[in-house]
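Taken together, the values in this text are just the output of simple stated rules run on the coordinates, not laboratory data. Computed from a predicted structure; not experimentally measured. Virtual Cβ from ideal backbone geometry, glycine too; neighbours counted across all protein chains shown.
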Amino acid sequence: MTLRRPTSRQAGLSLCLVVMVGSGTIVLAQPQDPGRPYWSDNWRGWHFYEEPEIPPPEPPASAPRQAAPASSAATAPRRSPPKPPEIVEFERLQRALEERRHIAIMRPTEANVRRYMELEAQVVSRASTFADVAQRIAWASPELDPTLQGRPVNAKALEVFDQLQTTQRSQSISALGRDHVLFFFFRSDCPYCHAFAPTLEAFQARHGIKVVAISVDGGPIPGFADARRDNGIATTLRVSQVPAVYLAQPFTGKITPIGFGVLSEAQLVERISMVAASPDSAAAPFPRGDGGLQAQARMTHQR
């Protein structure tokens, strides 16, 4: 067989096809346009799979960015002001003393006990210096001197204080006797009532307040010849023990207990003054009715 040589036209056509194929390959090998989907590139083939690109997260709005620093500033802990050096030194000394005491207790050697006692002596010395300075300030400042407030501590001043207080209370009781009386409940067979009667008799004469004696059992008692027989007021006031003393105001119908048992004159003065000065003291009304004790107290008070 005779082989035919390609003509010049065929050779030129073949060369053109090679160039076209080569140029087409170069074009197809260029990177894909990011705006086109991957399936539009048919040169990849249907067997090829490519994950879609994830879009970048959008930046947050400007308002939350401004709010974030404010919230963080609000939640940030506030710094406490620095402590004065005296407070720091006091706390250090307190911790050191406590630690040395604990060590000395748990291991009471001579060295440990000595170290604790030496530091304790320093603390006591500082406390003594503080007490001396405070005392000098109190001497120079009457409003800060505790010995000038209330009951004095000096023996001579205490004597004067008691005398003034007794005089003032006696005057108060004398003024109280203008419209008040003392009810004295007793029994004729009670030895404590007989022992208490002279004290009440002297109290009546010294302070000028009338004592109305009331016999629970109807019997007499020395010193009170005008004693009244109980008409039921002892039961109303629930007098379960004698002797008993009540402060009564006949014109207002109020009775206030002062005390039970044998009392001294000083106790009577103190209790009556306290009851008279307290407007909220416990009081009970007079019993009403014909022949009541209120009418007798009025008659006794008028005498």
(Q) If the reach is capped at under 18 angstrom between alpha carbons, list the lysines near Lys254, excluding any in the same chain fewer than eight residues apart. (A) Lys210
Q) Val212's amide H: which non-local residues (gap 5+, or another chain) put their own amide H closer than 5 Å, with H modeled 1.01 Å from N in plane and none for Pro or chain starts? A) Leu182, Phe183, Phe184
Q: List the equivalent ellipsoid semi-axes of segment 86-146 in whole Å, largest first, each obtained as the square root of 5λ for an eigenvalue λ of the Cα gyration tensor.
A: 33, 12, 8
Q. Label points 7 Å out from Cα along the Cβ direction at Glu58 and Ile105: separation in nm?
A. 6.8
Q | For segment 130-139, Karplus couplings with θ = phi - 60° (6.51, -1.76, 1.60), whole Hz, Gly/Pro x | A | 4, 5, 5, 5, 5, 5, 5, 5, 5, 5
Q | Order of Val245, Val262 under a 10 Å beta carbon neighbour criterion, fewest first | A | Val262, Val245
Q. How do Leu268, Leu144 rank when sorted from fewest to most other Cβ atoms within 10 Å of their own Cβ?
A. Leu144, Leu268
Q: Averaging over all projection directions, find the projected area of the Cα convex hull of segment 161-210 and quote it in nm² with one decimal place.
A: 3.9
**Q.** Distance in nm between pseudo-label sites at Leu164 and Ser264 (7 Å out along the Cβ direction from Cα)
**A.** 2.2
